[in-house]
1. Select from the stretch A:226-250 the residues that are within 10 Å of ligand 1 (Cβ to nearest atom), buried (at least 20 other Cβ atoms within 10 Å of the Cβ) and not hydrophobic (A, V, I, L, M, F, W, C) and write down the one among them that is farthest from A:Pro308 (Cα to Cα).
2. Looking at (1) surrounded by fewer than 24 Cβ atoms within 10 Å (Cβ to Cβ); (2) away from ligand 2 (no atom under 16 Å from the Cβ), find the lone condition where A:Ile283 falls short.
3. Report, by residue number, each residue of the stretch A:304-333 that is of a type in the set (Ser, Thr, Tyr) and closer than 14 Å to B:Gln255 by Cβ.
4. Test of understanding: among A:Val51, A:Val74, A:Val60, which residue is touching a residue at least 12 places away in the same chain (Cβ under 8 Å) and either in contact with a Lys or Arg (Cβ under 7 Å, 6 or more places away or on another chain) or not assigned by TED's automatic domain parsing to the domain that holds A:Met177 (or both)?
5. Of the numbered conditions (1) within 7 Å of chain B (Cβ to nearest Cβ); (2) farther than 18 Å from A:Gly252 by Cα; (3) not aromatic (Phe, Trp, Tyr), A:Ala316 fails exactly one; give the number of that condition.
6. Being more than 8 Å from every other protein chain (Cβ to nearest Cβ) and either near ligand 2 (Cβ under 6 Å from one of its atoms) or assigned to a loop (DSSP other than H, G, I, E, B) (or both) is the filter here, so list the residues in the stretch B:115-130 that pass it.
7. Can you give me the number of residues within the stretch B:1-27 that are part of a loop (DSSP other than H, G, I, E, B) and farther than 30 Å from B:Leu139 by Cβ?
8. Looking only at the stretch A:118-169, filter to residues that are among the basic types (Lys, Arg) and more than 21 Å from A:Ile96 (Cβ to Cβ); which one of those is farthest from ligand 2 (Cβ to nearest atom)?
Amino acid sequence: KKSTPVAGGDVWSGVWVVIEYNRGEIAPVSWELLGEGRKLADDIGCELAGVLVGHDVEAVIPEAFAYGAEKVYVVDDPVLKDYRSQPYAHAITDLIRQYQPEIILMGATAMGRDVFPVVATMMQTGLTADCTVLRIDEATKHLLQTRPAFGGNIMATILCKTRRPQMATVRPRVMAMPERVEGRSGEIIREELGLTEEEVLTKVVDFIKGDAKSIFLDKAEVLVAVGLGIGSKKNLVFAEELADVLGATIAGTRGAVEAGWITHDRQVGQTGITVRPKLYIAIGISGAIQHLVGMETSDFIIAVNNDPDASIFRVANYGIVGDFNEVVPALTAEFKKRLQHGVAK
Amino acid sequence: MHFVVCLKQVPDSSEVRIDPKTNTLMREGVPSIINPYDAHALEEAIRLKEKVGGKVTIVTMGPPQAKEALRKAMSFGADRAILLTDRAFGGSDSLATAYIITQAILKIHETDPVDLVLAGKEAIDGDTAQTGPGIATRLGFPQLTYVIKVTDITSDTITVHRKLETGREVVQAKLPALLTVEKELNELRYASLPNMMNAAAYEPEIVTANSFEFDVTQMGLKGSPTSVNKIFAPPARSGGEKLDGTKDPKGVAAQLVEKVFQENIVMVSPDAKGGNR
Ligand SMILES: Cc1cc2nc3c(=O)[nH]c(=O)nc-3n(C[C@H](O)[C@H](O)[C@H](O)COP(=O)(O)OP(=O)(O)OC[C@H]3O[C@@H](n4cnc5c(N)ncnc54)[C@H](O)[C@@H]3O)c2cc1C
Ligand SMILES: Cc1cc2nc3c(=O)[nH]c(=O)nc-3n(C[C@H](O)[C@H](O)[C@H](O)COP(=O)(O)OP(=O)(O)OC[C@H]3O[C@@H](n4cnc5c(N)ncnc54)[C@H](O)[C@@H]3O)c2cc1C
């Protein structure tokens with residue numbers, strides 16, 4: 001059953017997407033990747049399949065077809081109930097050895113970045129981390145995998161020329177969500193796990209769900225960050241009200257940490273945490289380089305500062321020059337109005 | 001217990017830029033540091049040693065200059081440091097890097113059995129987060145990634161908290177195991193003066209491609225399935241639009257929020273609690 005991972009020939013065919021399903025939730029990046037996978041499969045002229053590994057996954061299968069999979073490979077076993085690297089990697093690797101896809105993708109999530117390196121090692125093939133652009137080279141049909149490195153200071157295009165499958169994890173929310181077409185169907189291929197609970201070396205004991213206030217900074221989608229410009233701890237309430245409306249997490253500068261307004265685990269920057277939220281709102285932050293390196297790759301940045309020459313405006317998509325006392329409550333009220341009308345959904 | 005720390009010397013990545021003309025990395029004058037996550041892996045190893053007894057061995061693959069990082073690491077209280085350095089190791093991708101480091105750990109393991117390997121969550125230069133899991137897989141050890149707390153260690157199990165998108169997971173693994181760690185795991189200590197003085201004169205053990213039975217086809221550029229085809233600067237971020245909020249803050253706020261929706265910045269609904277993945 002063990003095939004040697006060599007490239008070439010027509011044995012390695014098809015684009016696969018591993019669908020991330022855990023604790024009853026599907027990571028949306030799985031569907032984004034089916035959308036992207038469709039384009040790659042069309043460029044190569046091969047089929048697109050979903051891979052579903054877990055327990056009680058039946059309800060997810062029609063969703064995978066709705067988002068464009070032509071085939072779904074399923075491994076459903078009680079051992080796979082809680083995500084664990086070893087049995088998941090075992091299931092995915094067995095499928096790869098048996099059905100030999102040319103390309104296999106997964107979200108660059110906690111799960112994807114945990115399991116894919118294990119699979120790549122078992123297959124002795126290359127893996128590109130955290131890609132933001134994928135293309136098929138017209139001449140060679142190799143997968144061109146582009147990713148940021150050095151904390152986002154450089155971009156690199158990576159190739160895996162001589163081994164198969166070509167593997168990549170892809171950053172969530174970068175690829176477009178494809179259209180969901182109800183009622184599509186395709187072939188379902190089921191395989192056994194072939195691993196017993198006794199053989200698994202880890203056990204999930206508990207899961208403690210975080211809320212917006214306690215969520216880890218680098219995982220938050222929306223951040224409201226404060227700097228020394230808010231003047232005092234009691235003014236944090238302006239930021240908190242805005243954060244509540246947006247479902248955002250509070251963060252801040254080293255200045256705000258040293259002043260004792262926020263704790264160190266909320267600090268963004270060189271000596272804090274590097275963040276990449278969808279939206280970063282900077283309030284009373286000057287934009288020192290040590291702060292900017294930790295947040296400048298955010299998708300969208302809004303800055304509020306009363307100094308029109310503040311450096312933070314150089315990285316902000318939109319800046320409001322003004323006093324946070326006036327501007328922030330106005331923003332909060334405006335977001336509240338719009339979100340309640342459901343415009344954002 | 002025997003703790004092995006995988007430690008990488010990295011350029012201070014916030015200062016690395018691309019030469020816009022040649023599209024090559026400008027590393028000159030960029031200071032080298034211990035990969036920040038690895039410093040926390042080392043700290044935890046030393047804390048565990050202080051708690052349960054044993055020793056801490058550091059393994060680094062890199063150029064001869066990485067000795068500096070190893071001396072620094074020794075000053076925090078490690079017992080032994082090994083530098084894997086050879087031209088043949090250069091250009092290794094994460095698969096090959098994990099192969100080389102694993103061979104060294106296996107060698108150490110022969111004479112001094114390893115109970116726990118600690119690595120950083122990721123290196124701030126390559127940023128792949130693939131080396132730790134690669135080593136665990138090759139060693140056949142269970143892996144626990146994104147560790148933010150070690151709650152318990154016994155002679156044959158370890159229990160940790162792992163940081164995930166939507167919360168934290170408590171997991172137990174059989175030893176020997178491998179952890180990859182986050183910065184929140186612990187607070188770094190300062191080196192003591194006697195330790196610093198001892199470390200300044202410390203000579204790390206050197207391992208080259210000839211030191212033991214390395215398979216040369218699995219290392220370096222040739223042994224690496226991935227290759228960097230090209231590097232380039234990310235599209236520069238230019239400052240966007242600036243609005244004057246001094247006279248009519250409400251009007252300007254409305255204008256900005258309108259733009260945010262036009263740009264289709266997906267908002268997380270408040271009840272999604274920030275964990276919308
Ligand atoms: C080695 C090193 C590492 C560092 N690491 C970090 C790090 O990880 N993270 C980090 O953040 N910093 C870090 N720093 C510190 C950094 O250099 C800055 O000092 C810090 O980021 C400044 O914080 P700030 O923007 O809150 O304060 P300030 O620079 O004081 O800026 C306050 C801003 O608020 C504005 N303001 C004032 N009043 C108002 C008002 N009423 N309404 C609106 N705006 C107002 C001002 O115009 C000003 O721009 C580091 C420094 C060093 C040397
Ligand atoms: C721009 C660029 C892009 C790259 N992209 C990829 C890619 O997509 N896929 C790929 O396979 N390779 C890639 N590489 C190569 C990769 O950076 C190297 O293989 C590197 O040796 C290990 O990967 P890393 O830096 O990502 O470390 P990570 O895997 O992020 O490091 C995790 C942990 O492993 C340990 N560790 C890592 N390296 C060492 C070491 N030398 N000595 C001791 N411990 C260590 C440390 O504990 C570290 O915290 C890329 C390199 C560059 C320059």
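1. Checking each candidate, the answer is A:Gly227.
2. (1)
3. A:Tyr318
4. Going through A:Val51, A:Val74, A:Val60 in turn, the sole match is A:Val74.
5. The failed condition is (2).
6. B:Asp115, B:Ala119, B:Gly120, B:Lys121, B:Glu122, B:Ala123
7. Summing the residues that are part of a loop (DSSP other than H, G, I, E, B) and farther than 30 Å from B:Leu139 by Cβ in the stretch B:1-27 gives 9.
8. A:Arg135
The values are calculated or read from the model by the stated rules, or taken from the named source; none is laboratory data. Just so we're clear, the structure is a prediction, and the values are computed from it rather than from any experiment. Positions of Cβ are backbone-derived with ideal geometry, glycine not excepted, and every protein chain shown enters the neighbour counts.
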